[in-house]
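What follows is one structure encoded as structure tokens, with my remarks underneath.
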Amino acid sequence: MKILYLIAGTYRAAGMEKVLADKTNWLVRHGYDIVIATTDQRGQAPAFAMDPAIRQVDLGINYEATNGKNFLVKAFSFPIKKWLHRRRLTKLLMQEKPDVTVSMFCNDAGFLPKIQDGSKKVLEVHFSRFKRIQYGRKGLWGVADRFMNERDAQYVHAFDRFVVLTEEDKGYWGNLPNMVVIPNGVERKDPSPLTAHTVIAVGRYSFQKALDRLITAWFMIEDKGDWKLKLVGDGECRDDLFALINEYGMCDTVEMTGVQKDMDAVYRDASVLALSSRYEGLPMVILEAQAHGVPVVSFACQCGPKDAIEDGVNGRLVPEGDVNALARVLDETIHDPAAIRRMGAAAYETARRWEPETIMQQWDALFKGLRP
């Protein structure tokens, strides 16, 4: 059975790209023929190891070339790029003749079901229903965000299957007959000893991850003892975050580590993961932390944390955006080692839900169920 995946690129060391690499590696090992078509790879190597049997084809659309440009530049170039994208993707699908074509909700989502190549069309979303409007942008950008948010809701109806990550998000899209919930998968590792006095936050230094809120909450904790906060990642907000840490005088208790290659070591050397995001899909960092037996303190943002965390059992949930509550809960947690061990053990058990074999059997059943 041949599956053709559509994604902007595989070169980013980010959650969606990691999920795709893990998923396609499993499918190849189980007899599937896999092709990945990108639009913006630009000759870059994949960020994550992929089986040599997986073929990658770049369509050379380069939507990202206009990132950072003004609204009018993007508005003028986007329809041209989209026309070229549809033309080149149609040609590829007619050549490859896949049994199933899977969109990862990139720029192909609006026209993919209209391509009559004979393949079944699957759409999988890695963010929440309201991601586009959670940027809170104003002016023309805000109008565009609201327009695209409504457009997304129309696109999903045309696919043979629409896959969301959480039960929470399923409710936001409505009662659609083609919708199914399949979370991401992650393999359980040896649990962390939970002895290091370290809270970690893992993710891009970006508006979405809202690490400024976490840094402010950390500043509000008066008695940190010898506990440290480590921000693992990189991104466009690096300078602003560094300035905020300096403003609070916390260079001795907050470390910006940059991207780390050995993430297993990062989780083994942590006792708590903090997540301060404004929005998510189903955060891989929560699943990875649980797979290492590390409890999570998280805002109850849309979407994912409420599906993965039971407050006080395997972690802590904090009302979205309540920085005072985040500070209070982190304070309580770092001063209660018994609770950390108890919640860590429960988190490790929760991680059984995310075992890759369990998740991939659901995908295998979905693909085989689409056969005529």
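When you scan segment 306-324, how many residues do you find that are of a type outside the set (S, T, N, Q) and assigned to a loop (DSSP other than H, G, I, E, B)?
Restricting attention to segment 306-324, the residues satisfying the condition of being of a type outside the set (S, T, N, Q) are 306-313, 315-323.
Now narrow it down to the ones that are assigned to a loop (DSSP other than H, G, I, E, B): 309-310, 312-313, 319-322.
Qualifying residue count, segment 306-324: 8.
Looking for whichever is under 26 Å from R86 (Cβ atoms), among the aromatic types (F, W, Y) and touching a strand residue (DSSP E or B) at 6+ places or on another chain (Cβ under 6 Å) here; the options are Y11, Y5. Which one fits?
Numbers: Y11 fails: touching a strand residue (DSSP E or B) at 6+ places or on another chain (Cβ under 6 Å).
So the residue among Y11, Y5 that is under 26 Å from R86 (Cβ atoms), among the aromatic types (F, W, Y) and touching a strand residue (DSSP E or B) at 6+ places or on another chain (Cβ under 6 Å) is Y5.
Are there strands (runs of 3 or more DSSP E) fully within segment 142-240 with at least 2 residues that are open to solvent by less than 20 Å² (accessible area, probe 1.4 Å)? List them.
Working: elements: 161-164, 179-181, 198-202, 228-232.
Once the strands (runs of 3 or more DSSP E) in segment 142-240 are filtered for at least 2 residues that are open to solvent by less than 20 Å² (accessible area, probe 1.4 Å), what remains is 161-164, 198-202, 228-232.
When you go through (1) open to solvent by 20 Å² or more (accessible area, probe 1.4 Å); (2) under 14 Å from K209 (Cβ atoms); (3) not β-branched (V, I, T) one by one for E280, which number turns out not to apply?
Tallying (1) open to solvent by 20 Å² or more (accessible area, probe 1.4 Å); (2) under 14 Å from K209 (Cβ atoms); (3) not β-branched (V, I, T), E280 fails exactly one: (1).
Before we move on, is L326 modelled with pLDDT under 95, open to solvent by less than 60 Å² (accessible area, probe 1.4 Å) and under 26 Å from D212 (Cα atoms)?
Details: modelled with pLDDT under 95: no; open to solvent by less than 60 Å² (accessible area, probe 1.4 Å): yes; under 26 Å from D212 (Cα atoms): yes.
No: the conditions fail for L326.
Looking at segment 212-226, I want the residues that are under 16 Å from A201 (Cα atoms) and touching a residue at least 60 places away in the same chain (Cβ under 8 Å) and have a partner that is among the aromatic types (F, W, Y) and not in a loop (DSSP other than H, G, I, E, B) with Cβ atoms under 9 Å, at least 6 apart or on another chain. Which pairs are those?
Cβ pairs passing all conditions: R213/F299.
Can you list residue pairs whose Cβ atoms sit under 8 Å apart, with the first residue in segment 259-284 being within 15 Å of W227 (Cα to Cα) and at pLDDT 90 or above and the second being outside any helix (DSSP H, G or I) and basic (K, R)? Count only pairs 6 or more apart in sequence or on different chains.
Listed by first residue and then by second, the contacts come to A270/K230.
Does V28 satisfy the criteria of being in contact with a strand residue (DSSP E or B) (Cβ under 9 Å, 6 or more places away or on another chain) and either modelled with pLDDT of 95 or more or farther than 22 Å from V164 by Cβ (or both)?
Working: in contact with a strand residue (DSSP E or B) (Cβ under 9 Å, 6 or more places away or on another chain): yes; either modelled with pLDDT of 95 or more or farther than 22 Å from V164 by Cβ (or both): yes.
Judged against the criteria, V28 is a match.
Any idea which of (1) among the aliphatic types (A, V, I, L, M); (2) assigned to a loop (DSSP other than H, G, I, E, B); (3) closer than 23 Å to G110 by Cα is the one M16 doesn't satisfy?
Going through (1) among the aliphatic types (A, V, I, L, M); (2) assigned to a loop (DSSP other than H, G, I, E, B); (3) closer than 23 Å to G110 by Cα one by one, M16 breaks only (2).
Of the numbered conditions (1) crowded, with 19+ Cβ neighbours inside 10 Å; (2) in contact with a helix residue (DSSP H, G or I) (Cβ under 7 Å, 6 or more places away or on another chain); (3) of a type in the set (V, I, T); (4) over 19 Å from G304 (Cα atoms), I115 fails exactly one; give the number of that condition.
Only one criterion is unmet by I115, namely (1).
Can you find a residue in segment 348-365 that is modelled with pLDDT of 95 or more, buried (at least 18 other Cβ atoms within 10 Å of the Cβ), touching a strand residue (DSSP E or B) at 6+ places or on another chain (Cβ under 8 Å) and in a helix (DSSP H, G or I)?
Checked segment 348-365: no residue is modelled with pLDDT of 95 or more, buried (at least 18 other Cβ atoms within 10 Å of the Cβ), touching a strand residue (DSSP E or B) at 6+ places or on another chain (Cβ under 8 Å) and in a helix (DSSP H, G or I).
So which residues in segment 292-307 are more than 21 Å from D331 (Cα to Cα), within 16 Å of the chain's Cα centre (by Cα) and crowded, with 24+ Cβ neighbours inside 10 Å?
Of everything in segment 292-307, those that are more than 21 Å from D331 (Cα to Cα), within 16 Å of the chain's Cα centre (by Cα) and crowded, with 24+ Cβ neighbours inside 10 Å turn out to be C303, G304.
The values are calculated or read from the model by the stated rules, or taken from the named source; none is laboratory data. Being a predicted model, the structure only gives us computed values, none of them experimental. We place every Cβ from the backbone using ideal geometry, glycine too, and count neighbours over all the protein chains shown. Please note that ligands, DNA and RNA were not included when accessible areas were found on the heavy atoms of the full protein model with its side chains. Shrake-Rupley method; radii C 1.70, N 1.55, O 1.52, S 1.80 Å.
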